[in-house]
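A quick write-up on the structure given underneath.
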Amino acid sequence: MALPSYATTGEKIGWYGFLTYCGLVFFFLIAPIFIILPLSFSASPFFEFTREFMNLEPEAWSLRWYRQMVGIASVGDTTVVSNKWMLGTRNSFIIGISATFLATALGTVAALGLSRPNMPFKGTIMAILISPMIVPLIITSAGMFFFYSKIGLTHTYLGLILAHTALGTPFVVITVTATLTGFDTNLIRASQSLGADTMRTFFKVIMPLILPGVISGALFAFITSFDEVVVVMFVGSVEQITIPKQMWAGLRQETSPVILCMATCLVALSIALLTTVELLRRRSERLRGIKLRN
Amino acid sequence: MNETTAGPILTTEGIPLKVSLQKAERRNKIRAILLVAPLLLFILFTFLIPIGDMLMRSVDDSHINTVFPKTFKEYKKWDRQDLPSEELYKTMFFEVKDSEGYAIGKASTRMNYAKSGWKSLLKKSKRKFKKIEEGPYKEQMIAIDKKWADMEYWKAIGVMVDARTAGYYLNAVDLKYNVDKEVVRQKENRRIYNHTWFKTFKVSVLVMVFCLMLGYPIAYLLSTLPLKYSNLLMICVLLPFWTSLLVRTVAWMVMLQQKGVFNNLLVMSNIIADENRFKLMYNETATIIVMTQILLPFMVLPLYSVMRTISPNYMRAALNLGAAPLHAFWKIYMPNSVPGISAGCMLVFILAIGYYITPELVGGKDGQMIGNWIAYHLKTTLNWGLCAALGAILLGVMTVLYWVYNKLVGIENIKLG
């Protein structure tokens, strides 16, 4: 909705004022994320823009924190710290990928069931399946801490993977159910009448159509696990470091700019994931013949 | 067809059609349930049962009953008028003497919640009881410590003799049992939770209001712009949504601290003097600012999905009929967007009320919410009963809100971009 040519001065002021306000809100949303990017290249050991840094003096810019992050540090004890970051990265990927696979499999199958017209208690079951996303993480963590220690799952990778799977499934259920709205069930009947069994129908007919939704759900589940810190703190052992846990420790004890380097990497990762999901969403809408947004 | 055949319609197998259809229907129903069952069971065992198990702790007082079973049985005969009989002293003596140190330690922590002083009394007694060989025990125990002759201590046991207690819930709202098991207010300096509950609600409401104030205009803009611009701007809303919570919190720490970007800009442009830098970090203001930015996408997405279904023709018609733009907006557009407003507000409030990470990192002492106290009791004081009671109340509030949300919006309508 642009401004018509006959708009009065007052309307013009109102409209441009509105646009400025929106611009400021977008700035508020985005600026904090990008402010850390340049700062991660600063040589200063504090989180601040020094005058030399702003004047682009070469000695104020450095890659030393990145080197420290990947473990090539020349200073004596810092190698220990930096190794933790790499260890954390490895653990985060192990837990994240396993939880993603489990969550995607369970969530997709459940979404297929929920989308059937004859599913009883659909609303209640949906509310239960989504609840891990809604219940505060601190309550979830407390519950898992007590219960998992009773059955010996604390301080194990299995415990963390199961916990993160539970946290990731709501996203898969939501995205796959959304993809299944407007799914033409005649396609299944057509496939079956042509002689395909259930498995073949699933992999050859249903799966290709809902794949974009499944992948978006999987990426959501992955980022949920990758970003999760509270459960890891309570259910995991001291040695089970993940990236967010190391960041948390870094923020509370030794505020080192390595955190900013890792943050920059994570922002890059989230941009990559967001782009993938956006492309998938459009592809899915095209596949199902739904008009694009607007 | 019914007009020509008298009996029910039959299938080729000779079964009535109605029965056959019901059978097929039931088979489909079972299939649907079987598909959902694995996840439902998974969530039940990894998520719901653990939480239920934790909530049980909020009323659980059974441990102390396993340490002093005979004493408590004997205790119920006591008239609470004078000091207990030799018999009660005797059972107490042996149960303290014979129990394992660990069990006594845990029980004494519990007894200290009922009346402070128990913990040191039991610790001392456990050590000295070893020397006492034979009775009568009453005098010898009182000789070890005068507290054994103090009625207050004996009365306080009465609060704990049942295996179930409401005491932790009372603590969670700044009340407690006195030694006579009457509900009284906590001491002035120990009243922290009502204040924290109030603050949690206040912060959540403020965050919700700010999110609405910031989110409504941009959702409106996004829903009216042509597609190629709105998709680009939508990225600005979705990117924070996809960025790690900790990364965003770090970013805000960089922005808001004393020598942070915000203060530096103000000093450089001579708006404030170097020594008058704003204290924006480690207080309630920081909690509110950061939570608003973090939760804003949860407001914008539901608003946007409702707003793009509102036809622009409504506004055009109103303007055409002579309404001033603001009047038309207020009378026509606003009422149409109410479902989006309620969905967004509910979602933001539900998520805000249980926040833990952000207040912990940027809130300082003043910005702590109820989630932080739950974590504090979980890992620092180990007062798990109180931890569970606080959690149960929080969860109760959330469940009501979640139920309302489900009725209003329908949980299946949550949008993730």
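The values are calculated or read from the model by the stated rules, or taken from the named source; none is laboratory data. Treat the numbers as computed from the prediction; the structure is a model and nothing was measured. Note that we place each Cβ from the backbone using ideal geometry, even for glycine, and neighbour counts take in every protein chain shown.
Residue check: is residue B:405 modelled with pLDDT under 90, in a helix (DSSP H, G or I), hydroxyl-bearing (Ser, Thr, Tyr) and in the same structural domain as residue B:246 (by TED's automatic domain parsing)? It would help to see each step written out before you state the result.
On the way: modelled with pLDDT under 90: yes; in a helix (DSSP H, G or I): yes; hydroxyl-bearing (Ser, Thr, Tyr): yes; in the same structural domain as residue B:246 (by TED's automatic domain parsing): yes.
Taking the combined requirement at face value, the residue satisfies it.
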- In the stretch B:40-80, which residues are in contact (Cβ under 8 Å) with a residue 12 or more places away in the chain, within 14 Å of chain A (Cβ to nearest Cβ), assigned to a helix (DSSP H, G or I) and touching a Leu at 6+ places or on another chain (Cβ under 9 Å)? B:51, B:55
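Inspect the stretch A:224-247 for any residue being part of a helix (DSSP H, G or I), without any contact (Cβ under 8 Å) to a residue 40 or more places away in the chain, at the interface with another protein chain (Cβ under 9 Å from one of its Cβ atoms) and more than 19 Å from residue B:242 (Cβ to Cβ) and give the result as yes or no.
Restricting attention to the stretch A:224-247, the residues satisfying the condition of being part of a helix (DSSP H, G or I) are A:224-227, A:230-235, A:243-247.
Those still in the list that are without any contact (Cβ under 8 Å) to a residue 40 or more places away in the chain too: A:227, A:247.
Right, trim to at the interface with another protein chain (Cβ under 9 Å from one of its Cβ atoms) and you get A:227, A:247.
Next, from what is left, pick out any that are more than 19 Å from residue B:242 (Cβ to Cβ): none.
No - not one qualifying residue is present in the stretch A:224-247.
When you look at residue A:188, is it part of a helix (DSSP H, G or I), crowded, with 19+ Cβ neighbours inside 10 Å, touching a helix residue (DSSP H, G or I) at 6+ places or on another chain (Cβ under 9 Å) and of a type in the set (A, V, I, L, M), yes or no? Talk me through it step by step, then tell me what you get.
On the way: part of a helix (DSSP H, G or I): yes; crowded, with 19+ Cβ neighbours inside 10 Å: no; touching a helix residue (DSSP H, G or I) at 6+ places or on another chain (Cβ under 9 Å): yes; of a type in the set (A, V, I, L, M): yes.
It is false that residue A:188 is part of a helix (DSSP H, G or I), crowded, with 19+ Cβ neighbours inside 10 Å, touching a helix residue (DSSP H, G or I) at 6+ places or on another chain (Cβ under 9 Å) and of a type in the set (A, V, I, L, M).
Name the one entry in A:139, A:125, A:97 that is at the interface with chain B (Cβ under 7 Å from one of its Cβ atoms), farther than 30 Å from residue B:377 by Cα, assigned to a helix (DSSP H, G or I) and β-branched (Val, Ile, Thr). Before you say what the answer is, go through the steps one by one.
Working: A:139 fails: farther than 30 Å from residue B:377 by Cα; A:97 fails: at the interface with chain B (Cβ under 7 Å from one of its Cβ atoms).
Only one candidate passes the filter, namely A:125.
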- Criterion violated by residue B:259 - all others in (1) part of a loop (DSSP other than H, G, I, E, B); (2) more than 9 Å from chain A (Cβ to nearest Cβ) satisfied: (2)
- Identify, please: which residue in the stretch B:345-385 is facing another protein chain (nearest Cβ under 8 Å) and among the hydroxyl-bearing types (Ser, Thr, Tyr) and is, among those, surrounded by the fewest Cβ atoms within 10 Å (Cβ to Cβ)? B:356
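Quick check on my filter: what residues within the stretch A:248-263 are within 20 Å of the chain's Cα centre (by Cα) and either surrounded by fewer than 22 Cβ atoms within 10 Å (Cβ to Cβ) or more than 9 Å from every other protein chain (Cβ to nearest Cβ) (or both)?
A:248, A:261
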- Message: I'd like the full set of residues that are over 19 Å from the mean Cα position of the chain (by Cα) and either assigned to a helix (DSSP H, G or I) or aliphatic (A, V, I, L, M) (or both), limited to the stretch A:150-178.
- Response: A:150, A:151, A:153, A:157, A:158, A:159
- Message: Residue pairs, Cβ under 8 Å, 6 or more apart or interchain, first in the stretch B:112-137 and surrounded by fewer than 12 Cβ atoms within 10 Å (Cβ to Cβ), second outside any loop (DSSP other than H, G, I, E, B). List them.
- Response: B:130/B:97; B:136/B:86
- Query: Taking the stretch B:315-344, which residues are within 14 Å of chain A (Cβ to nearest Cβ) and surrounded by 20 or more Cβ atoms within 10 Å (Cβ to Cβ)?
  - Reply: B:328, B:343
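Could you go through the stretch A:45-60 and let me know if any residue there is among the polar types (S, T, N, Q) and in contact (Cβ under 8 Å) with a residue 12 or more places away in the chain. Spell out how you get there, then give the answer.
At the first step, the residues of the stretch A:45-60 found to be among the polar types (S, T, N, Q) are A:50, A:55.
Still in the running and in contact (Cβ under 8 Å) with a residue 12 or more places away in the chain: none.
No, there is no match, as no residue in the stretch A:45-60 is among the polar types (S, T, N, Q) and in contact (Cβ under 8 Å) with a residue 12 or more places away in the chain.
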- Would the stretch B:259-278 turn up any residue that is touching a residue at least 24 places away in the same chain (Cβ under 8 Å) and out of contact with any Leu (no Cβ under 6 Å at 6 or more places or on another chain)? no
- Which listed residue is within 20 Å of residue B:291 (Cα to Cα), touching a residue at least 60 places away in the same chain (Cβ under 8 Å), facing chain A (nearest Cβ under 8 Å) and not basic (Lys, Arg), from B:224, B:249: B:249
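Against the condition aliphatic (A, V, I, L, M) and assigned to a helix (DSSP H, G or I), how does residue B:280 come out, does it pass? Break it down stepwise before answering.
On the way: aliphatic (A, V, I, L, M): yes; assigned to a helix (DSSP H, G or I): no.
Here the answer is no, as residue B:280 does not meet what is asked.
Which residue out of B:68, B:47, B:42 is buried (at least 19 other Cβ atoms within 10 Å of the Cβ), touching an Asp or Glu at 6+ places or on another chain (Cβ under 7 Å) and of a type outside the set (Val, Ile, Thr)?
Numbers: B:47 fails: touching an Asp or Glu at 6+ places or on another chain (Cβ under 7 Å); B:42 fails: touching an Asp or Glu at 6+ places or on another chain (Cβ under 7 Å).
Sole residue among the options that is buried (at least 19 other Cβ atoms within 10 Å of the Cβ), touching an Asp or Glu at 6+ places or on another chain (Cβ under 7 Å) and of a type outside the set (Val, Ile, Thr): B:68.
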- Message: Taking the conditions exactly as written (closer than 30 Å to residue B:387 by Cα and among the hydroxyl-bearing types (Ser, Thr, Tyr)), does residue B:20 satisfy them or not?
- Response: no
- Query: residue B:183 passes all but one of (1) in the same structural domain as residue B:161 (by TED's automatic domain parsing); (2) crowded, with 20+ Cβ neighbours inside 10 Å; which number fails?
  - Reply: (2)
- Select, from B:291, B:268, B:299, B:281, the only residue that is over 21 Å from residue A:30 (Cα atoms) and out of contact with any strand residue (DSSP E or B) (no Cβ under 8 Å at 6 or more places or on another chain). B:268
- Task: Scan the stretch B:231-244 and report the pairs whose first residue is farther than 17 Å from residue A:282 by Cβ and facing chain A (nearest Cβ under 7 Å) and whose second residue is among the aromatic types (Phe, Trp, Tyr) and surrounded by 20 or more Cβ atoms within 10 Å (Cβ to Cβ), with Cβ atoms within less than 8 Å and a gap of 6+ or a chain change.
- Result: B:244/A:226
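Specify which of the listed residues (B:385, B:344) is at pLDDT 90 or above, touching a strand residue (DSSP E or B) at 6+ places or on another chain (Cβ under 7 Å) and under 29 Å from residue A:133 (Cβ atoms). Spell out the reasoning first.
Details: B:344 fails: touching a strand residue (DSSP E or B) at 6+ places or on another chain (Cβ under 7 Å).
Testing whether each residue is at pLDDT 90 or above, touching a strand residue (DSSP E or B) at 6+ places or on another chain (Cβ under 7 Å) and under 29 Å from residue A:133 (Cβ atoms) leaves just B:385.
Here are some residues: A:268, A:272, A:218. Which one is more than 21 Å from residue B:356 (Cβ to Cβ) and more than 12 Å from chain B (Cβ to nearest Cβ)? First the steps, then the outcome.
Details: A:268 fails: more than 12 Å from chain B (Cβ to nearest Cβ); A:272 fails: more than 12 Å from chain B (Cβ to nearest Cβ).
None of the other options fit; the residue is A:218.
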